[in-house]
Amino acid sequence: MFKGVLFDLDGVLTDTAEYHYQAWQRLGKEIGISIDRTFNEELKGVSREDSLKLLLAHGGRSQDFTPEQFAELAQRKNEYYVDMIQEVSEADVYPGILELLQQLQKQEIKISLASASKNGPFLLKKMKLMDYFDGIADPAKVAKGKPDPEIFELAAKEVGLSAVECIGIEDAKAGIQAILASGAVPIGVGREADLGSGIPLVASTKELTFSFLTSIWEIKRTEK
């Protein structure tokens, strides 16, 4: 049996992706860079600083800002985003997630957050999910963002486990690659076209039941 589940946040527990998009779009306009939803897909699962690097490269402005100005831009984007997410509540938790967390807790399975978002703890509190999480990986302690496995390895370590003892749940390709690299068993929320082939997928979080996770674990461990 798996001993832990490592959750991404955006697109798995709730959907704050639209707020991220609007915040990046606003910042982009202020510095003369226009982005659309297609470009925004590249930012999913990516850290704030790495997202800003992608934005500046997209607009041909990678060399135009000092490190201090870069830090200010990243902070400004975050302030826009934080303003937007003040109204997030338990009503925004994705279908099936609360029931899954309750089942995992009942079965004494460790639950840890592996999100690039520095606002993870704030959002968990807003959604009244904090009590279910045994650990939260601090993205500030991670040298490399997804697709590097470090955030998932840290999330497992925070609950006294190694990644190979865990299932990781993600909705972004960079996140799936990070889970695979960590040795955890991946489950993707979304489409094969977006997340890649050869991994277990669900179209909706409603399908993320404890029995489903158990069956996936048994299949994947049998394959090894």
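The values are calculated or read from the model by the stated rules, or taken from the named source; none is laboratory data. Source: prediction; values computed, not measured. Here Cβ is always computed from backbone atoms with ideal geometry, including for glycine, and neighbour counts include all displayed protein chains. The protein model used for the area step is the full one, side chains on, heavy atoms only, and it has no ligands, DNA or RNA in it. Shrake-Rupley method; radii C 1.70, N 1.55, O 1.52, S 1.80 Å.
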So which aspartates and glutamates can Lys110 reach, going by Cα to Cα under 13 Å and dropping same-chain residues fewer than 8 places off? Asp131, Asp134, Glu158, Glu165
Rounded to the nearest 10 degrees, the helix 97-106 long axis (Cα) sits at an angle to the longest Cα principal axis of the chain of 40 degrees
Using the alpha-carbon atoms, what tilt in degrees (0 to 90, nearest 10) does helix 173-182 show relative to the longest principal axis of the chain? 50 degrees
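Once Rh is set to the Kirkwood radius over Cα pairs, what Stokes-Einstein translational diffusion coefficient, in µm²/s, holds for the chain at a temperature of 25 °C and a viscosity of 0.890 mPa s?
Details: Rh = 17.8 Å.
So the translational diffusion coefficient is about 138 µm²/s.
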Starting from the Kirkwood radius over alpha-carbon pairs of the range 92-224, derive D by Stokes-Einstein at 25 °C in a medium of 0.890 mPa s and give it in µm² s⁻¹. 164 µm²/s
Charge dipole of the chain built from unit charges on the beta carbon (Lys, Arg +1; Asp, Glu -1), centred at mean Cα; most positive-end Cα among Thr205, Pro139, Ile35 is Pro139
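Ignoring ligands, DNA and RNA, what accessible area per residue does the chain give at 1.4 Å, in Å²?
Details: 10730 Å² over 224 residues.
For the chain, the per-residue accessible area is 48 Å².
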Name the residue farthest towards the positive end of the dipole of the chain from the options Leu52, Tyr21, Leu161, assuming +1 on Cβ of Lys and Arg, -1 on Cβ of Asp and Glu, about the Cα centre. Leu161
Of Lys44/Lys128; Lys3/Lys173; Lys106/Lys157; Lys3/Lys206; Lys144/Lys173, those spanning more than 18 Å from alpha-carbon to alpha-carbon: Lys44/Lys128; Lys3/Lys173; Lys106/Lys157; Lys3/Lys206
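Starting from the Cα coordinates of the range 44-159, work out the convex hull volume and express it per residue in Å³. Could you put the intermediate results ahead of the total?
Details: hull volume 13.7 nm³, N = 116.
Looking at the range 44-159, the number lands at 118 Å³ per residue.
Carbon-plus-sulfur fraction of the accessible area of the chain, 1.4 Å probe, in percent? Numbers along the way, then the final one.
On the way: 5190 of 10730 Å².
Accessible surface attributable to carbon and sulfur in the chain totals 48 percent.
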Need the list of aspartates and glutamates near Lys146 for cross-linking: C-alpha distance under 13 angstrom, and skip anything on the same chain fewer than eight residues off. Asp8, Glu42, Glu49, Asp50, Glu170, Asp171
Report, in deg cm²/dmol and to the nearest 500, the calculated mean residue ellipticity at 222 nm for the chain, where each DSSP H run with n ≥ 4 adds -39500 (n - 2.57) and the sum is divided by the residue count. -13500 deg cm²/dmol
